[in-house]
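Report on one structure; see the data block that follows.
A short reminder: the numbers here are calculations on the coordinates, not readings from a lab. Only a predicted model underlies this, so the values are computations on that prediction, with no experimental measurement involved. Neighbour counts run over all protein chains shown; Cβ positions are idealised from the backbone, glycine included.
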Amino acid sequence: MPVSPRCASQSEIHLLANSVPKSSSGMKFAANIDTYPLFGGADGLDFYRVIADKWRDALLPNGLMAFEVGIGQADQVLRIMRSHGFGDIQIVKDLNNIPRVVYGTRVETI
């Protein structure tokens, strides 16, 4: 899993959108499926933590980071983003009225 911004110098990205795996380590899959890339830790949120931490500084000031989230993850991802220096965080529901996207802007000070 690439976790550090190797393709961009500091503070040059306006928008970073992510659709990360949404599985916790307790889920079961068919034996022929390679599950390693599907897991985000015990609570399924490790990918959000790593991306919010490692990629924040690649965003321009007021740059936008957006995550597609799994069912029941929106509030937790909002908290993760807030703790990593994002503000004006919003949750957007999908057509089935399920919280599906969490986005916020990089603020100058954490």
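Give the whole-number value, in cubic angstrom per residue, of the convex hull volume spanned by the C-alpha atoms of segment 59-104. Could you put the intermediate results ahead of the total?
Numbers: hull volume 2.9 nm³, N = 46.
Expressed per residue, the convex hull around the Cα atoms of segment 59-104 is 63 Å³.
Where does each of 88-96, 73-81 land if you order them by average Cβ count within 10 Å, highest first? Mind dumping the intermediate values first?
On the way: 88-96: 11.1, 73-81: 19.8.
Top of the packing list down: 73-81, 88-96.
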